[in-house]
Structure formats: C-alpha cells, structure tokens
Amino acid sequence: IGIFGNIQQQTLEVVYDVAGGQLGFGYKGCS
Amino acid sequence: KETIQSHFHTLQLTSLLPSSSCNPATKGKRRGASLEVVNRQGPCTQLNQKGAKAPTLTEILAHDQARVDSIQARVTDQSYDLFKKKDKKSSNKKKSVKDSKANLPAKSGLPLGTGNYIVNVGLGTPKKDLSLIFDTGSDLTWTQCQPCVKSCYAQQQPIFDPSASKTYSNISCTSTACSGLKSATGNSPGCSSSNCVYGIQYGDSSFSVGFFAKDKLTLTQKDVFDGFMFGCGQNNRGLFGKTAGLIGLGRDPLSIVQQTAQKFGKYFSYCLPTSRGSNGHLTFGNGNGVKTSKAVKNGITFTPFASSQGATFYFIDVLGISVGGKALSISPMVFQNAGTIIDSGTVITRLPSTAYGSLKSSFKQFMSKYPTAPALSLLDTCYDLSNYTSISIPKISFNFNGNANVELDPNGILITNGASQVCLAFAGNGDDDS
C-alpha cells in the first residue's frame, strides 16, 4: 500500500466529499 | 529562465526550517464549522511548553514507520476478508458489505496515533476543551477519562471527568453501537456491569481502553452534537504526546464524519500547516446545506475515492508522478497493484519500490550540484545545504485518477533536520506489492 502522507499534504486544501465519493485538492488552503 | 520558473521552486532555505513565532492571520470567512489545526512541532502548539521535550526527527520517522507497518498489516487483512466475501456478494449484496466490516480480524493493529496535527473540541456539559490528535486513518474518537482506573499519561489539559458532566452516559453492552466497535477498532467490545467497554490498540503497542460513552460534543458555538459516541479511556498508554486523545475521521459508522453526517453531509476539509505556518484548519460541511453529494468548489480538483479496496481508509488512485516538469516513466500498474491511501497521520509518503526508485533517481539528477549528506532513518536522499541561503529544487506533481494534477508545496518535497541534512521527503516500500 502506498500512502500519501501529511508532509506532502501541507498547505493544500484537502476536501473529503465522502458522500460524493471524491477527494479534492486545492492550493493555498492555509492562507 | 522560463523553464526554471515553470518546473523549479527557487526558495530561501529558511522557508523550510521551523519557526518559533506563531502569527495566525485574522480568521477569514470559511464555510461550515471550522476548527483551528496546529502542527504539534509548529510555532502555534501549546503542548510542548513547560520544558517538555519535543521528539527528534529520527523519533518521528521511527513512529511513522510503525504506523505504516500497522496500516499495511490492516489493509492486507481486510483485502483477505474482502476476497472471502466475494462468493456471497451475488446472493446478498447488502449483507456482504456489512460482513466485510464485521469480519475484521481482532488481531490487527490500528494505525499509530503519531499525531502531528491537533484540533480543539469541547466535550460535556459544561463543556471542557480537549486537544485531540487529528487522524483520517482511524475511526474511534477517544479521550482520557477520570478516574483513570488503570493508567493515564500526562496531558496538557485537565483530564475529562464524566462525573462532572450533566449530559454524560455510558453505552449499554447490548446496544448496536457497542457491537459496532468491532469494525471501528478491530477489537470485540467488552462488558462491565452492563456498560460497553472498548479497546483500541495501535501498531507500536500504544492503546486506550475504557467505557464507550455518549456526551455532548461542541465543535463550534453553533455546532453542538448531543449524544456523540466516544471512548472514555481508563487505561491509556503510548505516543500521544500531551494531547487528550484522538479524533477519528475515518469512514466507519462510529467516526465523527458519520456521526455528524446529518448536519455536515459527510463532508470535511482541512489544511495542514507547515512547521512555520500558523493558519491550519479542519472544517466540517461545505456551507451549502446538508447532504450535498456533488460538491463543487472553485479551484478544487477532484479525484474519485477508490472504494473497491475496503471501507476503513480513504483510497485514491495515483496514475503518475512528474519531477521537474518531466513525467516519470512508471507504469500505472505499479500504483494500481499496490493501491494508495491518503492519511493525515502518516508523515512521509510511501511509494511502491519501483516508483520511489524512479522518483529518487530523477530528483538526484536535478539536485546534482548540491553536496550530499548522510541518510536519515528511512530517508535516503539527503543534502548538506548549510552553505546556501537560496536553493532551487525541481517541482513534484502527482497525477490522480480523474485528471487531478496536484503540485506539491516545497515543504512537501524536502524535510529538514537542520540545514546540514535536508532530505527528500519520500520513502519506498519494500517491494511493489507491499
């Protein structure tokens, strides 16, 4: 199993749309 | 010059090093119920004060490997169970899905709560604030509870006292919720004087055992949940730092995501701050009303969850990786054979062995002008940048299913153990099929 870890997720906006079955990524999520 | 701008990050080395000043910006408009997220080693944490010793990077990486070992063991066990269920699927589809959860092996370890990121929530009436580790790789939310019948580790805030909460109650052994602990924790629940007892064990032998209970959960002033089910730990030990416990953001029915689904529609988002950053958040709901399944948000690119591989972790499909603007020559099958999950608690991204070899080789070529440094634990590609103030590193992008291209922040490419040991923040699995 590969794992996309938290170092790589830093500063991204990570969206879990569990009901919609999708994961989203955006930039500058912490700004 | 254009190529360098497009495919390289040019940055000050100090931007990768930890900061000691916490400067959160004024809270902007954010849709939904938003909580502040802080990095446990970052400038805004209050958990390392009073002379507490922060873990070294080597210790963090060792804990990270224990967590990864545990996740991989659990996924392997689940896959085995899912295969066993295939025969039943055609005869009773609903039962098959349910069974695949109910048959989780009790021996499996759950991911280690390394806990690099923390949120504050309120529990009970009157509400008590608790700093909880933020974990998308596990399901049960738990906190240490008085009277700590067996053992509690030292935490920063007062330990939650259920006798002081007017809305606290234990959950009965015979309830459906109690039975649900088997899939949420990997362990069958126990029973004590008709009260349901949970036990959750992590990959490094860390654990929490206690009463499975209900109480009022306060996320924000406007977002309050009566009867939130959580673990009230009476015997807790492990690598939880000075936090009060853990918040489980997994997919199981007992996770906070599912328990708040009526209000937030199983939708949440977060931003994890860097070790210099101050503005992380965890936000439940999308602010567009409940049960929005087809969420659309400006500037967000979506990839479908790869749900075929089990329902505990959040699986996604990686199709490829680019370094310095060049797509690595890796067959998509390399990623498909292994599968990939996204996890807020694992620090370093793990890639199939072949993929990591290709990434490392390409990265080294672009970084050939910099002097190398010794390996650091599981990180084998390191540089001594102590003689540099400004550096240029190749951009790294992931291509996920659904044509979702994600370019990593420079802080997602390198991890520093001081300027003299700056390492590529990726690691390979032992083989492509692990």
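Odds and ends about this structure:
- Looking only at chain A, and only at residues there that are out of contact with any Asp or Glu (no Cβ under 6 Å at 6 or more places or on another chain), within 16 Å of B:THR301 (Cα to Cα) and assigned to a loop (DSSP other than H, G, I, E, B), the one that is farthest from the other protein chains (Cβ to nearest Cβ): A:LYS28
- Some residue of region B:411-425 being within 23 Å of the chain's Cα centre (by Cα) and part of a helix (DSSP H, G or I): yes
- Residues (at pLDDT 95 or above, outside any strand (DSSP E or B) and of a type outside the set (Ser, Thr, Tyr)) located in region B:114-139: B:GLY124, B:PRO126, B:LYS127
- Beta carbons closer than 9 Å, at least 6 apart along the sequence or on distinct chains, never pair a first residue in region B:141-168 that is free of Cβ contacts under 8 Å to residues at least 12 places away in the same chain with a second that is among the polar types (S, T, N, Q) and part of a loop (DSSP other than H, G, I, E, B).
- Just one of (1) within 13 Å of chain A (Cβ to nearest Cβ); (2) under 22 Å from B:SER70 (Cα atoms) fails for B:ILE321. It is (2).
- Checked against (1) aromatic (Phe, Trp, Tyr); (2) away from chain A (no Cβ under 14 Å); (3) farther than 18 Å from B:ASP409 by Cα, B:TYR356 passes all but condition (2).
- Meets criteria (at pLDDT 95 or above and either among the hydrophobic types (A, V, I, L, M, F, W, C) or part of a helix (DSSP H, G or I) (or both)) for B:ALA295: no
- Of all residues in region B:372-396, those satisfying the criterion of being assigned to a loop (DSSP other than H, G, I, E, B), over 17 Å from B:PRO410 (Cα atoms) and either of a type in the set (A, V, I, L, M, F, W, C) or modelled with pLDDT under 95 (or both) are B:ALA375, B:SER377, B:LEU378.
- Residue in region B:298-323 that is modelled with the lowest pLDDT, counting only those that are surrounded by fewer than 20 Cβ atoms within 10 Å (Cβ to Cβ) and over 23 Å from A:ILE1 (Cα atoms): B:ASN298
- Contact map, region B:169-189: first residue more than 23 Å from B:LEU249 (Cβ to Cβ), second residue assigned to a loop (DSSP other than H, G, I, E, B) and of a type in the set (S, T, N, Q), Cβ cut-off under 8 Å, separation 6 or more or different chains; pairs are B:SER172/B:SER194; B:CYS173/B:SER194; B:THR174/B:SER194.
- B:PHE207 aromatic (Phe, Trp, Tyr), surrounded by 20 or more Cβ atoms within 10 Å (Cβ to Cβ) and closer than 24 Å to B:TYR153 by Cβ: no
- From B:LEU47, B:LEU16, residue being touching a Lys or Arg at 6+ places or on another chain (Cβ under 9 Å), surrounded by 11 or more Cβ atoms within 10 Å (Cβ to Cβ) and modelled with pLDDT under 85: B:LEU47
- Meeting the requirement of 1 or more residues that are among the aromatic types (Phe, Trp, Tyr) and modelled with pLDDT under 95, the strands (runs of 3 or more DSSP E) wholly within region B:197-273 are B:207-220, B:267-271.
- Subset of region B:403-434 [within 11 Å of chain A (Cβ to nearest Cβ), crowded, with 16+ Cβ neighbours inside 10 Å, in contact with a strand residue (DSSP E or B) (Cβ under 6 Å, 6 or more places away or on another chain) and not polar (S, T, N, Q)]: B:ALA404, B:VAL406, B:LEU408, B:PRO410, B:ILE413, B:LEU414, B:ILE415, B:CYS423, B:ALA425, B:PHE426, B:ALA427, B:GLY428
- Residue match in region B:226-243 (condition: on the phi > 0 side of the Ramachandran plot, within 14 Å of chain A (Cβ to nearest Cβ), touching a Lys or Arg at 6+ places or on another chain (Cβ under 7 Å) and surrounded by fewer than 19 Cβ atoms within 10 Å (Cβ to Cβ)): no
The values are calculated or read from the model by the stated rules, or taken from the named source; none is laboratory data. All values derive from a computational prediction rather than experimental measurement. Neighbour counts run over all protein chains shown; Cβ positions are idealised from the backbone, glycine included.
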